[in-house]
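Here the structure comes first, spelled out in structure tokens, and everything after it is commentary.
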Amino acid sequence: MIFKRIKPPLLRYTLIVIALLITIATIFVLSVYFGVWGKVPDKKSLAEYQHPQASEIYTADSVLIGKYYLTDRQPISYHNIPKQLINALIAVEDERFYEHSGVDYKSLLRVAVKTVLLQNKASGGGSTISQQLAKNLYPRSRTGKFYLTVDKIKEMIVASRLEEIYSKEELLMHYLNTVSFGDNTFGIESASLKFFSKGSNKLKIEEAAVLIGMLKATYTYNPRVFPKNSIQRRNLVLNSMADRGSVKAGENDSLKALPLIINYRDYDHNHGLAPYFREEVRKQVLNWCKKQNEHGNSYNIYTSGLKIYTTLNYKMQILAEEAMKTHMKSLQKSFEKSYGNSAPWLTNKELILKTVKKSIAYKNLIKQGLNEEQALDTLGQKKIMTLTSWEGEKELEKSSIDSVKHYMKFLNTGSISIDPGTGAVKTWIGGIDYKVFKYDHISQSRRQVGSTFKPIVYTAALETGIEPCTYFSAEEVAYKNLEGWSPSNSGNKEETFMNYSMKQALSNSVNTVAVKVLERTGIENVLDQAIKMGITEDLPKLPSIALGTGEIGVEELAGAYASYVNHGKPVEPILISSINNNKDSILDTFTPTISKVQAYSEENRQIMLEFMKATINEGTGSRIRNIYGLKNDIAGKTGTTQNNKDAWFVALTPKLVHVTWVGLDNHEIGFKNTSLGQGASAALPIFAIWMQKLNRDASYNYITRARFIKPDAAVLSMLECEPVKRDGFFKRLFKNPKKKKTKKFKQ
């Protein structure tokens, strides 16, 4: 053997050891190469690798408002990455990137000498961008020094293969699309949107340096959490760029002197604009994916990078949410004050217990095997918890039962505005706070609609031939065949002597007249009319339907009312206009569902619109004019249900239909009094405040200044009658206002 010729024994043994170590190392590297310690991706799999991509949701005016993802990632092409980002990356992460073929052996040698021989912990790393890309594509899953060595060798092999497959530009693109910025955010585009609310192609040099600086330690140099650390790291990146000539010396000093300004925007499902809307869109897209995949496709809302374009108007939604918060905060305060210390969430032990037993926490304890007493005892134990209020979040020492009582008292809301011609949803507010109240009061809720159903009754009456100037007595009647049911009005007893025209009765929401109109029209005719107007709910075939005891969703009510400004044709609200793939090519478009036939005649449409204009100008919705000072063309209807459980307001303008519901999720709690809980007080202000905001923005003049088409002369002629006729002297003389008339209701 060659070693026997070497005479000095020490040298001979030293060389033998070195040769043995080289042999072992070679065998070890080969074992990694051939997959003994786990498969190493081949060139084919590397060439075909697809990044999981977050799907994006956009408003109608192309503003990104949310994402659906497992990992927040938006890959972009190389030509969309600004030069300053590339320069910053190479300056601090791999200055010889264009010189090596995946592994920088010179850098590795430097690290080995400084770290092993000189024990310099600040020597840095020897991984190239290509090696880091390999680690990004195939994250390490094992721990320990042995497996760390295996993974390092794997990454060197993969890096070399990547260099053979992709150009340097493509490698930079893939790296910047895969690198982590912490908080489940991957890729430069997602990071740029999160920290600066702009695409990466719009980043300034100093902003690019901030993001590239984060790569060394995403938490330590997070500009939101540790701004001072971030500035120091940013300036180091700028210095490195200056050393390479990417930034001029004078410019570098100016850039380092700039303050750190971020515009942080976390695409959290619980926060941000229109969370209820985004959740409903998610459900609809999931259903779309399921149907598409039944035909051989493989779309996934969380990984396919879909671009979902919706009908929502970005600024209108912002203003709508502001209006809702302004009113609901004030209303909540008045609501709690009206009950005082006698509030049911404080004193009604039976109701509190019932509500506690409906809670998830209670049900989970029962599932764990605890009995009722044990579960309640556990829930009664105090601990530090965060409770939300209109004044913000507070950490308090409370029990889970205290928490249930706290949230029992909250008024909630659901409001929607749509384009009456297409059904396109412009604003969608499913509740007051998605983080706390996940229940969507638009898509999930069905509540009694109160007097907002009356226009359907009156429309049916006109369709059966009842003239708009027909008069109905406001006298209360006890119906013998309905167990003495006797609908009443909220006005004074003088109404007993009044006979209302249909216009006056509807605009003032006179209950006794609504029932009499229903009686003359026929329940079946009214229910048929509701169906023609797009109401699909199973409504009760009872006289009380005239007062809105049927339960209808906000969406459906909006679609039905749209017919009054859409040539008598109801619409179905639509949320999505198109779904595109990750290259922004259209996969599917969504067209509005509009009835092909009119639900009623054009003449009756004009009559009903005049009725509802009167509601706003002089009836139950008149505070639109005399309190909020709105001079827009508006028609509408207020609604309040029995015991003040539900407050409604529907507004019609030539270009918009807006529906608002306000109430409590617990049906057993209502407003303390009608003055606070009626639709005009509890629901109408949300629309009124919103419309005030729209009026101040000239970009919405096409909506706010739109005018209703003047009714035909024949229609105006039909409405020329006294609004109210009072009973004659002798009829009033012999009629006792305290005694109800009794009769049978004509079925």
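Quick note: the coordinates plus some simple rules give every number you see, no bench work behind them. Predicted model only: the values in this text are computed from it and were never measured. Don't worry about glycine lacking a Cβ; one is built from the backbone with ideal geometry, like all the others, and counts go over all protein chains shown.
How much net charge surrounds Gln381 when only other residues with a Cβ under 14 Å from its Cβ are counted (Lys, Arg +1; Asp, Glu -1)?
Details: positive: Lys382, Lys383, Lys398; negative: Glu373, Asp377, Glu397, Asp402.
Value of the local net charge: -1.
Leu10 to Asn239: FRET efficiency via 1/(1 + (r/R0)^6), r the Cβ-Cβ distance, R0 60 Å, to the nearest 0.05?
On the way: r = 49 Å, r/R0 = 0.81.
Calculated transfer efficiency: 0.80.
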Quiz item: If you put +1 on each Lys and Arg Cβ and -1 on each Asp and Glu Cβ, how big is the dipole of the chain around its Cα centre, in Debye rounded to 20?
Solution: 1560
Practice problem: May I ask you to order 382-393, 274-285 by the average number of other C-beta atoms within 10 Å around their residues, highest value first? | Solution: 274-285, 382-393
Quiz item: By average Cβ neighbour count within 10 Å, what is the ranking of 400-413, 462-475, 310-323 from highest down?
Solution: 310-323, 400-413, 462-475
Quiz item: Computed on alpha carbon atoms, what radius of gyration and Dmax characterise the range 71-256, expressed in Å?
Solution: 16.3, 48
Quiz item: Taking the Cβ of Ile689 as the center, what net charge do the other residues with Cβ under 13 Å away carry, scoring Lys and Arg +1 and Asp and Glu -1?
Solution: +3
Quiz prompt | For the range 349-423 and the range 456-489, distance of Cα centres in Å | solution = 42
Self-check item: Loop chymotrypsin sites (Phe, Trp or Tyr not before Pro), the range 180-246, which have at most 12 other Cβ atoms in a 10 Å radius of their Cβ (DSSP)
Solution: Tyr219
Exercise. Could you order peptides 429-439, 231-241 by the average number of other Cβ atoms within 10 Å of their residues, highest first?
Key: 231-241, 429-439
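Taking 1 over the mean of 1/r across every pair of different Cα atoms in the range 326-394, what Kirkwood radius in Å do you get?
Numbers: mean 1/r = 0.0692 Å⁻¹.
Evaluated on the range 326-394, it is 14.4 Å.
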Quiz prompt | Free-standing Cys residues across the chain, given no other cysteine C-beta under 4.7 angstrom | solution = Cys289
Self-check item: Among Tyr78, Ala713, Gln678 the positive-end extreme of the charge dipole of the chain (Cβ point charges)
Solution: Tyr78
Quiz item: Quick one: net charge of Ser338's neighbours, Cβ under 13 Å, K/R +1, D/E -1?
Solution: +3
Exercise. Over 23 Å between C-alpha atoms is what I'm after, so list which of Lys216/Lys435; Lys363/Lys383; Lys67/Lys291; Lys363/Lys438; Lys358/Lys405; Lys329/Lys349 land there.
Key: Lys216/Lys435; Lys329/Lys349
Self-check item: Label point 7 Å beyond Cα of His295 along Cβ direction - residues of the range 556-600 with amide nitrogen under 20 Å
Solution: 575-593
Quiz item: Using alpha-carbon positions, what is the distance between the centroids of the range 137-183 and the range 587-657, in Å?
Solution: 60
Quiz prompt | Principal axis dimensions, largest first and in whole angstrom, of the chain by Cα | solution = 143, 64, 55
Self-check item: Cα-derived Rg to Rh of the range 225-367, Kirkwood definition
Solution: 1.18
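Considering only DSSP states other than H, G, I, E and B, which trypsin sites (Lys or Arg not before Pro) in the range 175-224 qualify as loop sites with at most 13 other Cβ atoms within 10 Å? Write out the running numbers ahead of the final one.
On the way: sites: Lys194, Lys198, Lys202, Lys204, Lys216, Arg224; in loops: Lys198, Lys204, Lys216, Arg224.
Here the sparse-neighbourhood loop sites are Arg224.
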Quiz item: What distance in nm separates the simple spin-label points at Tyr628 and Ser62, each placed 7 Å from Cα in the Cβ direction?
Solution: 3.3
Exercise. Identify all lysines with a Cα-Cα distance to Lys44 below 25 Å; exclude those on the same chain that are fewer than 8 residues away in sequence.
Key: Lys135, Lys152, Lys154, Lys168, Lys583
Quiz item: Quick one: if you stick a label point 7 Å off each Cα along the C-beta vector at Glu170 and Ile318, how many nm between them?
Solution: 4.2
Practice problem: Positive end of the charge dipole of the chain (Lys, Arg +1 and Asp, Glu -1 on Cβ, about the Cα centre): tell me which of Tyr219, Ser197, Thr59 has its Cα farthest that way. | Solution: Tyr219
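Could you grab the relative contact order for the chain? Cα pairs under 8 Å, six or more apart, rounded to a whole percent.
12 percent.
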Quiz item: Given the rule -39500 (n - 2.57) for each run of at least 4 DSSP H residues, summed and divided by the residues of the chain, what is its mean residue ellipticity at 222 nm, to the nearest 500 deg cm²/dmol?
Solution: -12500 deg cm²/dmol
Practice problem: On each of the three principal axes of the Cα atoms of the range 463-564, give max minus min coordinate, whole Å, ordered largest first. | Solution: 38, 31, 25
Quiz prompt | Karplus-derived HN-Hα couplings along the range 442-454 (A = 6.51, B = -1.76, C = 1.60, θ = phi - 60°), whole Hz, x at Gly and Pro | solution = 9, 7, 10, 8, 10, 10, 4, 9, x, 5, 5, 8, 4
Quiz item: Which semi-axis lengths, in whole Å and largest first, follow from the square roots of five times the eigenvalues of the Cα gyration tensor of the range 65-105?
Solution: 28, 14, 9
Exercise. Could you name the aspartates and glutamates whose alpha carbon sits less than 19 Å from that of Lys228, not counting residues in the same chain fewer than 8 places away?
Key: Glu206, Glu207, Asp253
